[in-house]
Structure formats: C-alpha cells, structure tokens
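Okay, so here's the structure we're looking at.
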Amino acid sequence: MEFNVKHGAAETIKTGCLVVSINEARTLTGTAAHLDGICGGQISAAVKRGDITGKPGQTLMLFALPGISAERVLLIGSGKKPALGDRDYRKLLQKTVATLKDGGATDAVLTFSELSVQGRDLYARTRLAVETIRENLYQFDQFKSKKADKPRLKKCALWSADKADAAALKQAIAHGQAISDGTDLTRDLGNLPGNVCTPTYLAKEAKALAKQFKGTEVEVLEEKDMKALGMGSLLSVSAGSAEPAKLIRLSYQGTDASAQPHVLVGKGITFDTGGISLKPGSGMDEMKYDMCGAATVLGVFKAVVSLQLPINLTILVASAENMPSGTATKPGDIVTSMSGQTIEILNTDAEGRLVLCDALTYAERFKPASVVDIATLTGACIVALGSHTTGVLGNDDVLVDQLLNAGKQADDRGWQLPLFDEYQEQLDSPFADIANIGGPKAGTITAACFLSRFTKAYPWAHLDIAGTAWISGGKDKGATGRPVPLLTQYLLNQVQG
Ligand code: BES
Ligand code: MN
Ligand code: ZN
C-alpha cells in the first residue's frame, strides 16, 4: 500500500473515495459540515433520514455529490466521545479498511487528521492509522492454491487542510511503513510451518536482509563454532533434532563505530515438541510460533535499517528445533553453559532459556549499551497477562521503564512483573549450579530469574511474548507481529531522547 499526503479544500480532492467521519451529535461538524454545505445538504439529509447516525463503525457510501470532486464519499461513524481512545480509533480504521477493501475505489483519501484521539498528536494518530491499515490488509496465502483476491485499493492519502502539517504527516508515514514492513516480515516468519522455517531458513533470511541493506553485517555460527565457544546449553536443545542449530548475528552500524550497540536477542525455536518432556498433542501445531522472538528481532532490524536510524544495533537469533529422539537431552542431564555455570535440565520443555542463556553470554562481547531478549518463553505468561500484554522483566529499572513507555507510545503494551531475589531459590539444584525449571509457582518470573544469571554484565530486560505474538485457535489464528512496534519505538526513542 502506498501512502501520501494531501492538503487543500476537501471538496476539490480528486479521489475514488473521500473518507469522512461523522459523530453522533445531531449537528454535523468539521469536514462533514463543510462538505454538506457545498453539496446542498445531502449529508445532513442522510442523517435526518436515519441512514447514518454516527454510531461507532457505521458506514454510508454516497456517490457523485454535487460540487464535490471525489467519486464517492464514505461516511463513517465515530461515536459520541469528543476524543477517541486508541481502541475506538483502531476499530474505526479497521472498519474503514474493511469497507474500502470490498469497494470499487482504487485510491482513497482519509480526513481522520481532524479526529481527536486521547493523548495522541497528529504524528501519533497518523502513524497509528498507517499501521492499522497495513495490519488489516495483511494476507498470508503462500500455501493456498487459490490466492485471496488482491484488494482494489492501492493508494491511500492522509489529508490535512493545513500545509504546515506536512512534515508530521510525512514522518508518520515513513515510520508507520517501516514498522509495518518489519511487522509483516515477523508475521510471515511466524506463520511459516516448521518444515519450512528451520534454523537454516532463518539464517538464510538473515543473510538476505544483510544483502538487501548497506551498513549491515551477518554472521552465522554453526554447531561446531558453538561447541568451540562452550555453548553446551544451546546445543543440548538441538541434540535430538536432525536440523542443526544456528546462532545468527546481524549488525547494523548507523552511527560512530565507538557508540555501544543496542542488542536484541530472539528465541528461535522453529518447533517446540517439548523434547523428551513431550508436550500433549492437541494444539501442538501452534508451537511453530516458538520462533517469534527471532522473527521479532528480524522485523525490528528491517524497520530500523530501512529507516537508517543513527544508532548501532546488533541482533542475535538463537535457533534450534526441540525434538525427542535417541540423541535428545534427557531430564536429569547436566550441561555446561558458555558462562561456565552448570545446568540441570529437569524438563526438556523449558528449552527457550537454554538457548537464550548462551546467546546472552555471547552478547557480552559486543559491549552492549543494553540487551533486550524477546521470547515466547512461558505458558504461565499467558495465564498471567492473557494475549493483550507482553510480560516485561529486567535488572535495570531505567531500561524497563523505557520499554514500558515505548509500548504505550506504540500502542503495543507491556506490563512489568517482579524479579525479586526471593524467587531465585526456586532454581536451586542439588546436583548443578542451577536447575532449568522453578516449579509451578510464578513460571514467568522464574524463567526470567534463570536468564538473569547470565545477564549480570549489562543492563538487561526480557520480554515474554508467549501471549502477544500469536492469536490461538479460531479463524484469526496466526502471528501478530508484536512486539515489533514496541521495540522499534524503543529504538526510535534512543535517537530522539
Ligand atoms: N514455548 C513454550 C512456552 C509457550 C507455551 C509458548 C504455550 C506459547 C504457548 C516453552 O518452551 C515451554 O514449553 N515452557 C514451559 C516451561 C515449563 C516446562 C517450566 C511451559 O510454559 O509450560
Ligand atoms: Mn518448551
Ligand atoms: Zn518453547
């Protein structure tokens, strides 16, 4: 979808469809009132007839209004509230996209710059609009013989009467498009089946990204390299699989080489059977999304690099397939991590932390400004926060607050869970330095406690995206692309703040 900016009197805009909001107050305001005056009262007449009252999500398409250059005018209800919340605003956009998608227009002009949304300036409203439109146009039909129809709508202009708004609108479009391109990549990777999206596939994807963008560098560590580095924990996860593990690094230099990089580490389990601690069969297909942390960091990388942000960014993808077999790791096995700490693997299904811990130790060598890991780490996080909110934990309150704030700004929210010392004891092992599970209580926290043993050298935070990365079951099943918006916002703030 192409987005651009339009100014000038609404009635003069040449477009397939001019989209105008009308609120539930009896009298028209803003652009609706202005156009009504020009077309001889046809809009107010429609309201009077009851064809549209302005209720949220109501739509009415009007054709060939006198004095108005647009071929169609789509009226859309914005409700009663003087300022919309993010959710109402997104619903309104969703409805707009659904209507335009099925309609005849190949381009549209949106006049939503005149809507007020609580706590959102023009830039934020516009960016949210771009992202919401893109989100609702996303399709994944690679494996369907019969592809979904392509929407006729190809171009969307964002209108504001005032030319002085141009800079804010243009920046919002650029940022929104980059974030959406990243999110789409993350969704595609998350939706790919485990027989296609293997650790080797992710490595290829990373190499392709490095080829596409200047200023980037890619490195793929093979199992023999990881063995030489002492990554016994990561390798214990791929031990049962025919697919070799990969540790992938992509670096982007957007500023002085001396500036410390921001490091993002993604969990890339391309399929999680649970290993010898086998998961139950029902719904196991969804464990192809256990690489969404990896998909997220690749998506964020794409967004940041395409915007050429003046920061240094390194992403690490710790990728393996977790399978049971004669060579698989068994409960009770003890392995030595790259950090030197020994781990008693009491449950082979707690494998995410096992691949992440070695990647987190490896991250030290990049002298990071901060490290954030992103992982579909625990079912317990879905119990605690459901699918709306990402779990956030960390050893540095400044970093945690930056992530929480970025989530609010990007409407991709997280919520902090505690990482108090008291929880650490749950990981005590009689045989090794640490156990890989901490019992039934506070599963998300003890998983983060495990990671915290490997992140003492830098400010670190952990995002548990088991709930937010994926929509389960039902017809809307699939990857969401979250938290690409949160993380890209966090990195945008490193530039601006
Ligand atoms: N990938 C899962 C976590 C998960 C579960 C993500 C459901 C999304 C939906 C992770 O590897 C896992 O299996 N975690 C275990 C940990 C337990 C064995 C301590 C879990 O959450 O049950
Ligand atoms: Mn698991
Ligand atoms: Zn897993």
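The values are calculated or read from the model by the stated rules, or taken from the named source; none is laboratory data. Treat the numbers as computed from the prediction; the structure is a model and nothing was measured. Cβ atoms come from the backbone with ideal geometry, glycine included; neighbour counts cover every protein chain shown.
One residue stands out in segment 326-343 among those that are assigned to a loop (DSSP other than H, G, I, E, B) and more than 16 Å from ligand 2 (Cβ to nearest atom): the one that is nearest to GLU219 (Cα to Cα), namely MET338.
Can THR96 be described as more than 31 Å from the chain's Cα centre (by Cα) and polar (S, T, N, Q)? When the stated conditions are applied, THR96 does not pass them.
Which ones in segment 103-121 are assigned to a loop (DSSP other than H, G, I, E, B) and out of contact with any helix residue (DSSP H, G or I) (no Cβ under 8 Å at 6 or more places or on another chain)? Lay out the reasoning, then the answer.
Taking segment 103-121 first, the residues assigned to a loop (DSSP other than H, G, I, E, B) are 103-106, 111, 115-116, 118-119, 121.
GLY103, GLY104, ALA105, THR106, SER116, GLY119 - these are the residues of segment 103-121 that are assigned to a loop (DSSP other than H, G, I, E, B) and out of contact with any helix residue (DSSP H, G or I) (no Cβ under 8 Å at 6 or more places or on another chain).
Tell me, yes or no, whether segment 377-393 has at least one residue that is within 16 Å of ligand 3 (Cβ to nearest atom), over 15 Å from LEU264 (Cβ atoms), in contact with a helix residue (DSSP H, G or I) (Cβ under 9 Å, 6 or more places away or on another chain) and of a type in the set (Ser, Thr, Tyr). Within segment 377-393, one or more residues are within 16 Å of ligand 3 (Cβ to nearest atom), over 15 Å from LEU264 (Cβ atoms), in contact with a helix residue (DSSP H, G or I) (Cβ under 9 Å, 6 or more places away or on another chain) and of a type in the set (Ser, Thr, Tyr). Taking each residue of segment 81-94 that is outside any helix (DSSP H, G or I) and looking for partners that are surrounded by 15 or more Cβ atoms within 10 Å (Cβ to Cβ) with beta-carbon atoms closer than 8 Å, six or more apart or interchain, yields LYS81/ASP88; ALA83/VAL117; LEU84/SER78; LEU84/LEU92; LEU84/LEU115; LEU84/VAL117; GLY85/VAL117.
Is there a residue being over 30 Å from LYS330 (Cβ atoms), under 24 Å from the mean Cα position of the chain (by Cα) and assigned to a helix (DSSP H, G or I) anywhere in segment 431-445?
Scanning segment 431-445, I find no residue that is over 30 Å from LYS330 (Cβ atoms), under 24 Å from the mean Cα position of the chain (by Cα) and assigned to a helix (DSSP H, G or I), so the answer is no.
A Cβ distance below 6 Å, combined with a sequence gap of six or more or placement on separate chains, defines the contacts here; from segment 346-358, residues that are within 8 Å of ligand 2 (Cβ to nearest atom) reach residues that are assigned to a helix (DSSP H, G or I) in the pairs GLU351/VAL237.
Only one entry of LEU234, LEU229, LEU202 meets the criterion of being touching a residue at least 40 places away in the same chain (Cβ under 8 Å), away from ligand 2 (no atom under 16 Å from the Cβ) and either crowded, with 24+ Cβ neighbours inside 10 Å or within 25 Å of the chain's Cα centre (by Cα) (or both), and that entry is LEU202. Say whether the condition of being touching a residue at least 40 places away in the same chain (Cβ under 8 Å) and either surrounded by 17 or more Cβ atoms within 10 Å (Cβ to Cβ) or within 22 Å of LEU74 (Cβ to Cβ) (or both) is met by at least one residue in segment 140-150. No, that holds for no residue.
Pull up segment 335-378, narrow it to residues that are among the acidic types (Asp, Glu) and surrounded by fewer than 24 Cβ atoms within 10 Å (Cβ to Cβ), then point me to the one that is nearest to ligand 1 (Cβ to nearest atom). I'd like the intermediate steps shown before the answer.
At the first step, the residues of segment 335-378 found to be among the acidic types (Asp, Glu) are 344, 349, 351, 358, 364, 373.
Those still in the list that are surrounded by fewer than 24 Cβ atoms within 10 Å (Cβ to Cβ) too: 344, 349, 364.
Values: GLU344: 13, ASP349: 4, GLU364: 24 Å.
The selected residue is ASP349.
Counting residues in segment 429-444 that are at negative phi, at pLDDT 95 or above, more than 14 Å from ligand 1 (Cβ to nearest atom) and touching a Lys or Arg at 6+ places or on another chain (Cβ under 7 Å) gives zero. For segment 439-448, the condition holds for no residue, the condition being that it is under 30 Å from ASP88 (Cβ atoms), polar (S, T, N, Q) and within 16 Å of ligand 2 (Cβ to nearest atom). For segment 335-352, a tally of residues being more than 16 Å from ligand 3 (Cβ to nearest atom) and charged (D, E, K, R) returns 1. Looking only at residues in segment 282-315 that are more than 15 Å from VAL263 (Cβ to Cβ), surrounded by 21 or more Cβ atoms within 10 Å (Cβ to Cβ) and not hydrophobic (A, V, I, L, M, F, W, C), the one that is nearest to ligand 1 (Cβ to nearest atom) is ASP290.
Exactly one residue out of SER277, SER241, SER282, SER258 is within 16 Å of ligand 2 (Cβ to nearest atom), over 20 Å from ASP333 (Cβ atoms), of a type in the set (Ser, Thr, Tyr) and assigned to a loop (DSSP other than H, G, I, E, B): that is SER282.
Scanning segment 464-479 for residues that are touching a helix residue (DSSP H, G or I) at 6+ places or on another chain (Cβ under 7 Å) and either assigned to a helix (DSSP H, G or I) or modelled with pLDDT of 95 or more (or both) gives ASP464, ILE465, ALA466, GLY467, ALA469, TRP470, GLY478, ALA479.
Residues in segment 483-497 that are closer than 17 Å to LEU393 by Cα and either basic (Lys, Arg) or in a loop (DSSP other than H, G, I, E, B) (or both): how many? Spell out how you get there, then give the answer.
As a first pass, look at segment 483-497 and keep what is closer than 17 Å to LEU393 by Cα: 483, 486-487, 490.
If we keep only those that are either basic (Lys, Arg) or in a loop (DSSP other than H, G, I, E, B) (or both) as well, we get 483.
Count: 1.
For segment 425-453, the tally of residues that are out of contact with any strand residue (DSSP E or B) (no Cβ under 9 Å at 6 or more places or on another chain), more than 16 Å from ligand 3 (Cβ to nearest atom), more than 17 Å from VAL392 (Cα to Cα) and not charged (D, E, K, R) stands at 2.
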